[in-house]
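K.L.:
Handing you a structure now.
The values are calculated or read from the model by the stated rules, or taken from the named source; none is laboratory data. The structure displayed is predicted, hence computed values, not measured ones. When we count neighbours, we look across all protein chains shown, and the Cβ atoms used for this are built from the backbone with ideal geometry, even at glycine. Side chains included, ligands, DNA and RNA excluded: accessible areas come from the protein's heavy atoms. Shrake-Rupley method; radii C 1.70, N 1.55, O 1.52, S 1.80 Å.
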Amino acid sequence: MFGTKRKSLIPAGAAIALLLSLILAGCSESKTSLSPTTWGKGVLERYLGQDEARRYGEAMRTRHPLAVGEKGLIAGTTGGAAVHAGMIALERGGSAIDAALTTALTQICLAGGAWVSYAGFMQIVHYDAATGEIHNMNAAFNTVQNETEPKTIPTGPSGNKPHPEGRTALIPGFLAGVEAAHKKWGKLPFKVIFEPAIYLAENGFPVGDLLDRMIQSKKEVLSRLPETKDIFIKENGEFYTKEDIFVQPKLAQTLHRCVQEGIQPYIYEGEWAEKFVAAVQRDGGKITMDDMRNYKVMWPEPIKTTYGDYEAHTVGLPAYGGVGVLQSLNLMDLTGVRDYGHYTKSPQALFWLIQAATAFRTRLFWVIESREVPGVDLSLESRHKRNTAEALWKAAQQGKIPWALMPEGSPSAHSDGIAVVDQWGNVVAMTHTINTSTWGNAGINVDGISIPDSAKFQQVQIANAGPGKRLPDPTSPLIVTKDGTPVLSIGSIGSGLHYKTLCVLTSMLDFCMNPKEAIDIGCLMDSFAPLGNIQAIGDGEFDPSLIEKVEAMGQKFRVDGEKRMGTGRGYVVVIRIDPKTGQLEGACPGEFYGGAEGY
């Protein structure tokens, strides 16, 4: 059968023309470049010249306009040049994942590894337009196989003091995620998505206000080890400051080798892995080469729930961030938050939104742990389910949750998020993070890559996960569908990401706000108060008379000024897709110099 000759259905001349077109297409693909040298004269400089200082209030709301697109759109929380690199990827035939990975790789370079790191982790929720399937790729940290007493991992000093403790390091997942996601969904050549980051590492970029402040505040940490200090000082031995051209030659070489040798052979099995293990072990860490070789990305089944006419899809277990968002969406539905009006106008809506966001104060340590409620299964495996929310709501109404807040009276009348949609309709929601304070406090840097100390505050979670296992994480990138078609993509970051995601979802799904309106409007924040007894809000973001009415219902508030706002705030990027016209709208938070672009 296979040896039988079949008559060609293509005439000889047409066949030659087709062959030539395929050869030319291949040549064109091989010449595809995302290097900033191909963006046009002055384009990169324009992005790098933007003011990146953090903003609040009206300055925040006017920073970034609503982005509109017909074929593709990308939004990112930080790094305007990184977001534009992703936009270029879309315009030059890249998929949504090509654009997301290009942006993420470039964001880390522009951050100098401060709030995001190539040794951090990522979570992706991806909609495949060809199959209609939604996937979750988990490239979060692994715990250390030989760490048998994680509860004894030292927390170290607070603030910006060095903490030379190798046990605070975990097995990184970000770069493994880059390789796996590109292999599954990428269209551009692998080397191409690294080009903007490599160019900026080799040629440098002006130190902006944000990076300057971070370097100055962490000089002591960054000076602890010679190989780390070498990254952040100039030839004259002084630390980089604002407007200096920050070059990262070691990082550029590392990224080149990732492309040339492959991430698994180089980062997880080869020279970089050996240097990483040695650096961590010098400071008492227990990571081995086996830990690195055994790291693999996970493909959990995404979890979902129904909210009104929509379905929300997010990361599956063992991550716990998505569990919290879906649990709260179910409780928002049951308590009728939308029926009272928008939460910035209605006391009842704001009151019940807070109770739903805290799951009637049953949450401990964000959403990974829960207080027990008799007769209600609040395990991570059950918490996001509708019937569990119904049982919890019933228990609260019946007074079976002593710490739950019910109305006392009736009021009078670190990290980056990325969202992408490409020309084929593929959708990405991504979060990637260093998962610690700026650079952490260990001060370890391996060939240009900053090493997080993320174990220093997750001792209990590491113990619960067990040695050599995937560490659950709080991120919750989200895709919302209606009748099986994507209508929203959300990437969220920050301590208050859970609150911000819920506020944006009700604003857009229940009140038809566009992405910018939903991002800019007043939002709840994480107060870090036990059991949600006090709800944090930003100064000037809510009408004082509204807060008085909600306080009369028994809810206490704390109003935070700009300095404290940065601690408990959440930040999101959002893309809305009109299922009828395909029109795209996107926005990013105005607090940072990120961006949203469409074409």
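K.L.:
Residues that are modelled with pLDDT of 90 or more and not basic (Lys, Arg): find the helices (runs of 4 or more DSSP H) completely inside the range 1-107 holding 3 or more of those. Before the answer, list the steps.
P.N.:
Values: elements: 12-30, 43-48, 57-61, 80-91.
So the answer is 43-48, 80-91.
K.L.:
What's the number of the condition Ile449 fails, among (1) out of contact with any strand residue (DSSP E or B) (no Cβ under 7 Å at 6 or more places or on another chain); (2) within 19 Å of Gly324 (Cα to Cα); (3) open to solvent by less than 10 Å² (accessible area, probe 1.4 Å)?
P.N.:
Single failed check for Ile449: (2).
K.L.:
Looking only at residues in the range 418-446 that are touching a Phe, Trp or Tyr at 6+ places or on another chain (Cβ under 7 Å) and not β-branched (Val, Ile, Thr), which one is modelled with the lowest pLDDT? Quick ask: steps written out before the conclusion?
P.N.:
Going residue by residue through the range 418-446, those that are touching a Phe, Trp or Tyr at 6+ places or on another chain (Cβ under 7 Å) are 426-427, 432-435, 438, 446.
Next cut, not β-branched (Val, Ile, Thr) only: 426, 432, 435.
Values: Asn426: 98, His432: 96, Asn435: 92.
Among those residues, the one meeting the criterion is Asn435.
K.L.:
Give me the residue from the range 127-143 that is of a type in the set (Val, Ile, Thr) and open to solvent by 10 Å² or more (accessible area, probe 1.4 Å) and, out of that set, farthest from Pro302 (Cα to Cα).
P.N.:
Top of the filtered list is Thr131.
K.L.:
A further question on this structure: Would you check which residues across the range 371-410 are modelled with pLDDT under 90 and either open to solvent by 90 Å² or more (accessible area, probe 1.4 Å) or in contact with an Asp or Glu (Cβ under 6 Å, 6 or more places away or on another chain) (or both) and list them?
P.N.:
Correct list: Glu372, Pro374, Gln397, Gln398, Lys400, Pro402, Glu408, Ser410.
K.L.:
Picking from Thr148, Thr106, which residue would you name as being of a type in the set (S, T, N, Q) and open to solvent by less than 10 Å² (accessible area, probe 1.4 Å)?
P.N.:
Values: Thr148 fails: open to solvent by less than 10 Å² (accessible area, probe 1.4 Å).
Only one candidate passes the filter, namely Thr106.
K.L.:
Give me the pairs: first residue in the range 459-488 and modelled with pLDDT under 95, second residue in a strand (DSSP E or B), beta-carbon distance under 6 Å, and six or more apart or on different chains, which are they?
P.N.:
Thr475/Gln123; Thr475/Thr431; Ser476/Thr314
K.L.:
Can you pull out the residues in the range 252-298 that are among the charged types (D, E, K, R), surrounded by 22 or more Cβ atoms within 10 Å (Cβ to Cβ) and touching a Gly at 6+ places or on another chain (Cβ under 6 Å)?
P.N.:
Filtering the range 252-298 for residues among the charged types (D, E, K, R) gives 257, 261, 269, 271, 274-275, 282-283, 286, 290-291, 293, 296.
Pick out the ones that are also surrounded by 22 or more Cβ atoms within 10 Å (Cβ to Cβ) and you get 291.
Of everything in the range 252-298, nothing turns out to be among the charged types (D, E, K, R), surrounded by 22 or more Cβ atoms within 10 Å (Cβ to Cβ) and touching a Gly at 6+ places or on another chain (Cβ under 6 Å).
K.L.:
Within the range 206-239, can you find the residues that are within 25 Å of Val280 (Cβ to Cβ) and small (Gly, Ala, Ser)?
P.N.:
Ser217, Ser223
K.L.:
What number of residues within the range 474-522 are part of a helix (DSSP H, G or I), closer than 28 Å to Val116 by Cα and either hydrophobic (A, V, I, L, M, F, W, C) or touching a Phe, Trp or Tyr at 6+ places or on another chain (Cβ under 8 Å) (or both)?
P.N.:
Of the residues in the range 474-522, 9 are part of a helix (DSSP H, G or I), closer than 28 Å to Val116 by Cα and either hydrophobic (A, V, I, L, M, F, W, C) or touching a Phe, Trp or Tyr at 6+ places or on another chain (Cβ under 8 Å) (or both).
K.L.:
Give the range 328-338 a look and list any residue that's in contact with a Ser or Thr (Cβ under 9 Å, 6 or more places away or on another chain) and not hydrophobic (A, V, I, L, M, F, W, C), or say none. Can you show your working first?
P.N.:
Applying the first criterion (in contact with a Ser or Thr (Cβ under 9 Å, 6 or more places away or on another chain)) to the range 328-338 yields 328-330, 332-333, 337-338.
If the condition is that a residue be in contact with a Ser or Thr (Cβ under 9 Å, 6 or more places away or on another chain) and not hydrophobic (A, V, I, L, M, F, W, C), then Ser328, Asn330, Asp333, Arg338 are the ones that fit.
K.L.:
Shifting gears a bit: Provide a single number: the residues in the range 549-593 that are farther than 23 Å from Phe360 by Cβ, outside any loop (DSSP other than H, G, I, E, B) and not hydrophobic (A, V, I, L, M, F, W, C). Can you show your working first?
P.N.:
From the range 549-593, those farther than 23 Å from Phe360 by Cβ are 559-567, 569, 571-593; that's our starting set.
Next, only the ones that are outside any loop (DSSP other than H, G, I, E, B) stay: 559-560, 562-567, 571-577, 584-587.
If we keep only those that are not hydrophobic (A, V, I, L, M, F, W, C) as well, we get 560, 562-564, 566-567, 571, 576, 585-586.
Going through the range 549-593 one residue at a time, the tally reaches 10.
K.L.:
Please work out which residue is surrounded by the most Cβ atoms within 10 Å (Cβ to Cβ), limiting yourself to the range 463-489 and to residues that are in contact with a Gly (Cβ under 8 Å, 6 or more places away or on another chain) and under 19 Å from Ile124 (Cβ atoms).
P.N.:
Filtering first and then ranking leaves Pro477.
K.L.:
Can I ask one more? Which residues, counting only those in the range 339-353, are closer than 27 Å to Asp539 by Cβ and surrounded by fewer than 23 Cβ atoms within 10 Å (Cβ to Cβ)?
P.N.:
Just the residues of the range 339-353 that are closer than 27 Å to Asp539 by Cβ, to begin with: 340-353.
Tyr340, Gly341, His342, Thr344, Lys345, Ser346, Gln348, listed by residue number.
K.L.:
Looking at this structure, is Gly540 open to solvent by less than 10 Å² (accessible area, probe 1.4 Å) and not aromatic (Phe, Trp, Tyr)?
P.N.:
Taking the combined requirement at face value, the residue does not satisfy it.
K.L.:
Among the numbered criteria (1) touching a Ser or Thr at 6+ places or on another chain (Cβ under 7 Å); (2) outside any helix (DSSP H, G or I), which single criterion is violated by Gly285?
P.N.:
It fails just one condition, (1).
K.L.:
Now for a different question. Go through (1) part of a loop (DSSP other than H, G, I, E, B); (2) within 15 Å of Ala99 (Cβ to Cβ) for Pro154 and report which single condition fails.
P.N.:
(2)
K.L.:
Taking helices (runs of 4 or more DSSP H) that fall entirely within the range 293-399, which contain at least 2 residues that are within 21 Å of Asp510 (Cα to Cα)?
P.N.:
Result: 321-335, 347-357, 386-397.
K.L.:
To continue, here is another question. Please go through the range 552-599 and pick out each residue that is open to solvent by 10 Å² or more (accessible area, probe 1.4 Å), more than 30 Å from Asp483 (Cα to Cα) and not charged (D, E, K, R).
P.N.:
Correct list: Ala552, Gly554, Phe557, Val559, Gly561, Gly566, Thr567, Phe592, Tyr593.
K.L.:
Check whether at least one residue in the range 433-443 is outside any loop (DSSP other than H, G, I, E, B) and at negative phi, and report yes or no.
P.N.:
Going through the range 433-443, the residues outside any loop (DSSP other than H, G, I, E, B) turn out to be 433.
Okay, now just the ones that are also at negative phi, so 433.
Yes, there is a match, as at least one residue in the range 433-443 is outside any loop (DSSP other than H, G, I, E, B) and at negative phi.
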